[in-house]
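Scroll down for the structure; my scribbles are underneath it.
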Amino acid sequence: CKIPLKLQLTASLLAVAFLTSFGSSMLYGYNLAVVNSPAGYIKDFYNKTMINRTGAALTEETLTIIYSLTVSIFAIGGLLGSLIVGMLVTRFGRKGTVVKTTMLVFIAGSLMGFSRICKSPEMVIIGRFITGIHSGISLSVVPMYLGEIAPKSLRGFLGLVPCIFISTGVFLAQILGLHELLGKEEYWPLFLSVVVVPTFVQLMLLPWFPESPRYLLIEKDNIHATITALKWYRANCNIQAEIEEMQEEQRSLSTLETLSVWKLVRDDTVRWQVLSVVVINIGMQLSSIDAIWFYTNDIFENAGIPPPEIPYTTAGTGIIEIVAALVGCFTIEKLGRRPLMIGGFAVMGVCSVGITVAFSLQAQLSFMRYISVCCVIGIIAGFCIGPAGVPFLITAELFKQSHRPAAYIIGGSLNWVSNFTVGFIFPFMQMSAGAYSYLVFATVCFSVAIYVYFIIPETKNKTFMEISQMFSRKQPIMDTQGLILGDQLQLKKMNGYGGLENASLDFNSSSSYRN
């Protein structure tokens, strides 16, 4: 469809991108930061409830464990959601899964909203767990849905739109957490249950839009529904070529076996791709960003920021986060994946070291408190520019169709497990190591940056076969023979993705290079 880019952004396409990201991705960001502002009120509620039940107050250590569980159980729910997403999208479709799982948000919002009336801390914890399940599902389904309904020229851009709304959700939680709005003690249950509002808007409007055309044709074989959906999402375009492309993909997939997680892990031909997914997803969460999101107020309090100024300082970091996400979204196709990831992790590592230095010297130098605030902002900006969204794109680009579902399960599972680990142990790290706990995060950031620099190639404007060949160069046959023979070289058989079976080659002067 050779028309201006802005004309390809039809009203339907923009509306779906907004609704799915607003109602799902923004909730993920909101739930990451929502427990930060009312932390003291929630702890007081837990303590008072236990006094009423047992007649004894909770010890500081027990209260820390219970609150850490409240924060981190969100990630356990996310892990469960990421594991069942494949089953859901196959049965209900992309849009159908997004719509049907909104019920989880209403259940969770009700539990958290009525927890104080019912005098039940358990309702807060269960509510956080259910919101985590919803986020685990939506973080996989929404990019998948947007990628399948978008034209090729917009697929990368729309794939990063959810990252912008995640940052917006974090900022919304910071703003609503101000004392002038919902940051008062009597409002914290309402503050936690605000998540139902954008979900209600999504539930009212999204069912009116069509399902993913690729899902309708490739998985449901419904050509009539596919044509109808494409007409909704395309303006003045010839959809015949796109339908033929999807039919060709449907025929090719009918002969391929979709790998399980176990088979993917055991497949030697994609060893480096799998390892790369493991490294960048673990590094994404162990980079200190979750500690910043979950415990921003505590970090600023330890930095010596006056308590009345902390909420406003936190809200200021949210603005930086949105701006950084926009910068990453609009520059990724120009700069490439590697510079954004290497630069982002390097900046986060430097700022983590900076926080350690600032906290160590703030007793002697009062201005160090401002240095620590700048380092927190640097961590957030570095994360949102690159590590926040690029790993999701890299996972898709390193694997072919039959390998991607298993790769996303591996990446998503490690992502959420690491999220839980940071959320649960960070308070104890602060108690035991103090400012030096950030050196652990710095080590992780520098290690991932070095790994990306030496191992992961640039995938911008590369075909899947070219990416495969870049990883295959580690095999001796590829190192010695290469691909310099052009039309005289024919690969006899590709086993999986990126490796040669028995390292066998056929030479045929009249044939062209093919898979």
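None of the figures in this text is laboratory data; all of them are computed from the coordinates on show. Since we're looking at a predicted model, the values are computed, not measured. Note that we place each Cβ from the backbone using ideal geometry, even for glycine, and neighbour counts take in every protein chain shown.
For the reader, a short list of remarks on this structure follows.
- At R0 = 35 Å, FRET efficiency that the Cβ-Cβ distance of D44 and V197 yields, to 0.05: 0.85
- In this simple spin-label model, placing a label point 7 Å from the Cα along the Cα-to-Cβ direction at both E397 and N222 gives a separation of 3.4 nm.
- Mean Cβ neighbour count within 10 Å, used as a protection proxy, ranking 271-282, 29-40 highest first: 29-40, 271-282
- For the peptides 323-329, 107-113, the ranking by packing is 107-113, 323-329, with the highest mean count of neighbouring Cβ atoms within 10 Å listed first.
- Looking at the stretch 305-372, the chymotrypsin sites (Phe, Trp or Tyr not before Pro) that sit in a DSSP loop and have at most 13 other Cβ atoms within 10 Å of their own Cβ are F367.
- Once the convex hull of all Cα atoms in the stretch 262-481 is built, its volume per residue stands at 128 Å³.
- FRET efficiency estimate (nearest 0.05) - Cβ-Cβ, L83 to E301, R0 35 angstrom: 0.45
- Using a simple spin-label model with pseudo-atoms 7 Å out from Cα toward Cβ, L69 and M429 lie 2.2 nm apart.
- For the stretch 10-209, with +1 on Lys and Arg beta carbons and -1 on Asp and Glu, the positive-most of I133, P38, L190 along the dipole: I133
- With each label modelled as a point 7 angstrom along the Cα→C-beta vector, the M204-T54 pair spans 4.5 nm.
- For R271 and T331, the FRET efficiency from 1/(1 + (r/R0)^6), where r spans their Cβ atoms and R0 equals 51 Å, is about 0.95.
- Cα shape, the stretch 10-209, gyration tensor, a/c 1.5 rule: prolate
- When you count the other C-beta atoms within 10 angstrom of each residue and take the mean per peptide, 411-419, 88-96 line up highest first as 411-419, 88-96.
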